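Reviewing the structure listed below.
Only the coordinates and a few stated rules stand behind these numbers; no lab work does. Values in this document were obtained by computation on a predicted structure and should not be read as measured data. Neighbour counts run over all protein chains shown; Cβ positions are idealised from the backbone, glycine included.
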Amino acid sequence: MSVETVPLSVAQRALGAVPETRSGGPVRHLAVDVRLPREADERVVRLALGALAARHAPLRTTVPPAGVEGLPVQRVHRRLPLDLRVVELGMIPERDRPGLVGRLAAGAAQRPFDLGAGPLWRALLLRAPARGHLHLVAHRLVFDGHSAAVLRAELAETVAAALAGRPARLPELPSQYPDFALRQQSAEVREHALAHWRSRLAGAPDTAPLPWDRPPPAVADLRGARREFALPGLVPEVRRAARRAGTDPALVLLAGFAALLHRWGGRTDLLIGVPAADRPPELRGLIGCFETVLPLRVRVPPDASGRRLLDEVRAVSADALAHRDAPLDLLPGVPPVRVAFTADPVADLAGAVGGTSGPPHRRAAGAEHRDAAPRFDLALALTERGDGYLGRFEYRTALLDPRTVDRLVLHWRALLPALLADPDRPVGELPATGG
């Protein structure tokens, strides 16, 4: 059989409910950069990437936007053409290379995919005299953050094998992504999870938790920007707070973010998206779409203490994780997730809560990747660096001005240390306002 048709997984269905995803637009593209040895020419890279595509079914998968007989499915092909563009930089003056590379990478990231024809990933090989650089862009329907680490590790081996003229030395995969998608189709489990979310999200807010500078435009504008900042010296304090509460540092930071949203917008009912991957330990070596975004409904009474808010966040997170198998696209009227939060080294909610899919899932070293366009109106990402955190707000410029985000950074820097210093202080008294 040259084509295998199987249902979409829960994570893929969640992406399929987003209009930009159905059209193959950049809001659901991930970009990964890989440095290559100087000897890795086009022939070597084609062999290496071809070996990865043969090994991982998602790299040979298409997703008909209209489904098959009205059902959302994916089609796994025996092979698909490789989308590889090669650019020789040797004749380009060195001073002009950064600008050219930036334009080429942006073009590769922004160009829509034809979901029905595939492939749903592409590669840009930039060859310079010293060494090569490979820029890969993949649609989230076939790729996620952990897949970036898998791809980096395996690409290093397939490139080395192609250079040496030998087979790649990679462990045998226990199963393929379509097998995982088929195992998720249990009607009993799905209905139980859907009933939970139907109750949990009833009456949830469907408007932004913060006062944006401008209302959303009539036509979606996916342009975005980033504001990076540092939080020095806070890692030990966050870890101590987590130990006292018997939880993970990521949930302490999430409680702080909920407090910030409450202080800025005055909302006592918040919807915060947090990534969660349904990736069993035996499937850690697969490339594919395992990550979904769970909508955490966090209630923040103004008189609640930081300690009580942390308890709320921990309970809501565990509850959401226990019901992550629900295809939320089947629930009518689910409010959109407009703000999101992530904290490394925990890669997803399962790692922070310590869910049933194995030990805490920590981000693999060297697995850097980035979204080609903002996935949310506003998202906060925090990464441990030494005894502090590197922070990044990503936001849609159609809604927020840079000066507003600068103020948000200042208030976050004031609020989090205050929350850690006095967890019994009412959240409504923490030093962060939206003025």
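Would you mind counting up the charge near LEU163? Only other residues with Cβ under 12 Å from its Cβ, with Lys and Arg at +1 and Asp and Glu at -1. Show your work: numbers first, answer last.
Numbers: positive: ARG38, ARG43, ARG166; negative: GLU39, ASP41, GLU157.
Here the count lands on 0.
If you sort the three axes of the alpha carbon gyration tensor as a ≥ b ≥ c, you get a/c under 1.5 for region 204-429, which makes it rounded. Placing unit charges on the Cβ atoms of the charged side chains and taking the dipole of the chain about its Cα centre, the candidate lying farthest along the positive direction among LEU261, VAL87, LEU296 is VAL87.
Loop sites only, by DSSP: take the GluC sites (Glu not before Pro) in the chain that have at most 11 other C-beta atoms within 10 Å and name the longest stretch containing none of them.
Counting at most 11 other Cβ atoms within 10 Å as exposed, the longest clean stretch of the chain is 173-435.
Our helix-only sum for the chain, with -39,500 (n - 2.57) per DSSP H run of n ≥ 4 divided by its residues, gives a mean residue ellipticity at 222 nm of -11000 deg cm²/dmol.
Backbone amide hydrogens, once placed in the peptide plane, bring GLY224 within less than 5 Å of THR397, excluding anything fewer than 5 places away on its chain.
For region 28-160, just say rounded, prolate or oblate: build the C-alpha gyration tensor, square-root its eigenvalues into a ≥ b ≥ c, call rounded for a/c under 1.5, and beyond that prolate if a/b exceeds b/c, oblate if not. Before the final figure, lay out each step's value.
Values: a/c = 2.41, a/b = 1.69, b/c = 1.43.
Taking the square roots of the gyration eigenvalues as a ≥ b ≥ c, region 28-160 is prolate.
Based on C-alpha pairs under 8 angstrom that are at least 6 apart in sequence, the chain has a relative contact order of 21 percent.
Computed over the alpha-carbon pairs of the chain, the distance histogram in 20 Å steps reads 25, 56, 19, 0 percent, short to long. Please identify, among PRO93, PRO336, PRO167, the residue showing maximal mean-square fluctuation in a Gaussian network model of the chain using a 10 angstrom Cα cutoff. Comparing PRO93, PRO336, PRO167 in a Gaussian network model of the chain, the most mobile one is PRO93. Report the net charge of residues surrounding VAL334, where surrounding means a beta-carbon distance below 10 angstrom and charges are Lys +1, Arg +1, Asp -1, Glu -1. Combined, the nearby Lys, Arg, Asp and Glu give -1. Cβ-Cβ distance of HIS196 and THR268, R₀ of 25 Å, FRET efficiency by 1/(1 + (r/R0)^6): the value works out to about 0.65.
Net charge within 9 Å of ARG127 by Cβ-Cβ distance, Lys/Arg positive one each and Asp/Glu negative one each, not counting ARG127 itself?
Working: positive: ARG38, ARG131; negative: ASP41, GLU42, GLU88.
Local net charge: -1.
Residues considered: ALA204, ALA421, ALA11. Largest GNM mean-square fluctuation over the chain, using C-alpha springs under 10 Å, is found at ALA421.
Each Lys and Arg Cβ is given +1 and each Asp and Glu Cβ -1; about its Cα centre, region 204-429 then shows a dipole of about 380 debye. Each residue of region 136-145 was assigned a 3J(HN,Hα) from its phi angle through the Karplus expression (A = 6.51, B = -1.76, C = 1.60, θ = phi - 60°), giving 10, 10, 9, 7, 5, 5, 10, 7, 8, x Hz with x at Gly and Pro.
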